[in-house]
Amino acid sequence: MSFERVVAAADGELVFPPGFNVATQFIDRHLAEGRGAKVAIRSERGDVTYAGLVAGVNRCANVLAGLGTARGDRLLMVVKDSAEFFYLFWGAIKAGVVPVPVNTLLRAKDYAYMIANSGCAVLAYSPEFAPEVEAALAGLAERPAHVLRVEDGPGGLAAALAAASPDFTAVPASPTDECFWLYSSGSTGHPKGAVHLHRDMAVTSHFYGVQTLGVREDDVCFSAAKLFFAYGMGNGMTFPLWVGATSVLLETRPTPESTFATIERFRPTLYFGVPTLYGTQLQALERLQPDLGSVRLCVSAGEALPADIFRRWQERTGLVILDGIGSTEALHIFISNRVGEIRPGSSGRLVPGYEAVVVDEDDREVPAGEPGRLVIRGKSTAKYYWRNPEKTADTMRGDWLNTGDTYYRDAEGYFYYCGRSDDMLKVGGIWCSPFEIEGVLIEHPAVIEAAVVGTPDAEGLIKPEAWVVLAEGRRGSDALEDELRQHCKTRMAPYKYPRHFHFVEELPKTATGKIQRFRLRRSGQE
Ligand code: 3UK
């Protein structure tokens, strides 16, 4: 069997073969390259070989085509990390249907919005999420034409797959055809469907996965971040598939216990987490001694990785964590640290294939060292938001993408996160990053997590105010407040110390674990 694969040209750009349907590159190619017997997916439910994966994808493509779907129809997926996630996602793409994996932690009203907004022809869901999904369906004026339950019993997806043919020829596509969507949740308003193209996953896998991270065929990838996040989708699906490696899936919630158990059992070589999880894993390492010996490299994204967590993780495990910034709209990481060149506290340097500029309010580039809005350009960015021309115009400016983040770049090309553009504080006329203050606070042994926002003082001037989660056994007091103020003043420019403290049980967070500072800001004015 001959197979024409995507190659990098001399100028570094990817060259796509004619009729390119990205599913053939990520799925079918492995049979042509003799990888049929190799394990592609491992989980508690067993192993799936590349041959099994190809058959599952083709069966799923036949099931979707058999429902009478038309090209461009959407398949909304509320599906746990499982082999079926792969079958549905790639089967849809092979059949010309647009998969839309969504966050499985949402509530009925969120699903009702996404079903209506996407106008999906098919909805697939794992039985675990039935209460919320079925409540959403019950309240809808117009239901999707087809509903698939991803389960084994009669009437479930497994039975339909078993009855379908394991052969399917991909519908021809082009690199710039619409391929899949991911919903992106802002701090305000409804989620927006970011429309991604066929080339986008190839671009992230090549430029970040292979060229920056160095993922290779003998790797075993384990992402604690779920496949429905753009971050998890790259880590746990597209990167291993791009190089013919193996992915380890955890069906349930990632906790220190479940992630350590998964690492011990399946021995991944690459581990992908988020800062909050690294933090709780570090706490758990005080009482657990898991064997993490298989792991060669750890990755973090989703929010900035505090330098303190990087150092403690390295001390405790001997492993480095590569922090990098990505987004749903960019699909994956576009600025990243690299092995041997890590700057703790920095997001690292540009990933090949991407450009980044830090600009002021008039869209003019600012000099090195000065914070501004980060805008980026690359071949993996979403083309537009589905039925949302206003947000599209705010975010997608020609082929440039407004990240909404404030960054500065140093003279050596390292980028430093200063907060979301709208989270930045001006204290005494000087830009001040809530993130920097939080990073200093959590260096204090009594502090587990901290969120800092700006609150106007009696004169209407903005001052930093901190919400703090304390370590077990510690209690808030005036003495501790004084101690934390002193701690901050000795570690940062003195004007940056928080004027007020609130000791709380937990911080308000989004479903993806980002601190919702806007909520603290509102309660701060109450
Ligand atoms: C923030 C970071 C500092 C930043 C994501 C890797 O997080 C991802 O996508 P989202 O759409 O959020 C994007 C926003 O999250 N952020 C992400 N990573 C970092 N801030 N340092 C970081 N390392 O505000 C960004 O605009 O949920 C991450 C790969 C794919 C992704 N989708």
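The values are calculated or read from the model by the stated rules, or taken from the named source; none is laboratory data. All values reported here derive from a predicted model rather than from experimental measurement. Because the Cβ atoms are built from the backbone with ideal geometry, glycine has one as well, and the counts that use them run over all protein chains shown. Just so you know, the surface numbers come from the protein's heavy atoms only, side chains and all, with ligands and any DNA or RNA stripped out. Shrake-Rupley method; radii C 1.70, N 1.55, O 1.52, S 1.80 Å.
At-a-glance table
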| read-out | value |
| --- | --- |
| Cross-link pairs beyond the 21 Å C-alpha cut-off, checked among 94/192; 109/509; 94/391; 192/383 | 94/192; 94/391 |
| log₁₀ of I(q)/I(0) at q = 0.08, 0.10, 0.11, 0.13 Å⁻¹ - the range 220-420, Debye sum with one point per alpha carbon | -0.29, -0.45, -0.54, -0.74 |
| Between the range 323-396 and the range 1-62, the Cα center-to-center distance that results, in Å | 29 Å |
| Separation in nanometres of the label points that stand 7 Å from Cα toward Cβ, at residue 138 and residue 287 | 3.9 nm |
| DSSP-defined antiparallel bridges as percent of all bridges, the chain, nearest 5 | 65 percent |
| Per residue convex hull volume, Cα atoms of the range 227-284, in Å³ | 84 Å³ |
| Order by protection proxy (mean Cβ within 10 Å, highest first), peptides 10-17, 246-253 | 246-253, 10-17 |
| Mean residue ellipticity (222 nm) of the chain, computed from DSSP H runs ≥ 4 via -39,500 (n - 2.57), nearest 500 | -7500 deg cm²/dmol |
| Residue-normalised accessible area of the range 425-525, expressed per residue, 1.4 Å probe, Å² | 51 Å² |
| Per-residue HN-Hα couplings for the range 446-458 [Karplus 6.51, -1.76, 1.60; θ = phi - 60°; Hz; x = Gly/Pro] | 7, 9, 9, 9, 8, 10, 10, 10, x, 10, x, 8, 4 |
| The range 1-71, accessible area per residue, ligands and nucleic acids excluded (1.4 Å, Å²) | 46 Å² |
| Solvent-accessible area, 1.4 Å probe, carbon plus sulfur percent, for the range 425-525 | 48 percent |
| Geometric extent, Cα atoms of the chain - Rg, Dmax (angstrom) | 23.3, 75 |
| Cα-centred dipole magnitude for the range 20-173, charges only on beta-carbon of K, R (+1) and D, E (-1), debye, nearest 20 | 280 debye |
| Amide H partners (placed H, <5 Å) of residue 404, local residues excluded | 374 |
| Average accessible area per residue (Å²) across the range 266-350 - probe 1.4 Å, nucleic acids and ligands excluded | 35 Å² |
| Part-to-part distance (alpha-carbon centres) for the range 63-95 and the range 216-252, which is given in Å | 19 Å |
| By average C-beta atoms within 10 angstrom, highest first, the peptides 171-180, 120-129 | 120-129, 171-180 |
| For the range 224-324: Kirkwood Rh in Å [reciprocal of mean 1/r, alpha carbons] | 13.7 Å |
| Net lengthening on full extension, residue 311/residue 130 (0.36 nm per residue, minus Cα-Cα) | 61.0 nm |
| For the range 1-147, share of DSSP beta bridges that run antiparallel, in % to the nearest 5 | 40 percent |
| Nearest-20 debye value, the chain charge dipole, Cβ charges on Lys, Arg, Asp, Glu | 480 debye |
| Highest to lowest packing among 82-90, 268-276, 336-344, 399-407, scored as the average C-beta count within 10 Å | 82-90, 268-276, 399-407, 336-344 |
| Fraction of accessible area attributable to carbon and sulfur, the range 220-420 (%, probe 1.4 Å) | 49 percent |
| Share of carbon and sulfur in the accessible heavy-atom surface of the range 20-173 [1.4 Å probe, %] | 54 percent |
| Solvent-accessible ranking of 449, 412, largest area first, probe 1.4 Å | 412, 449 |
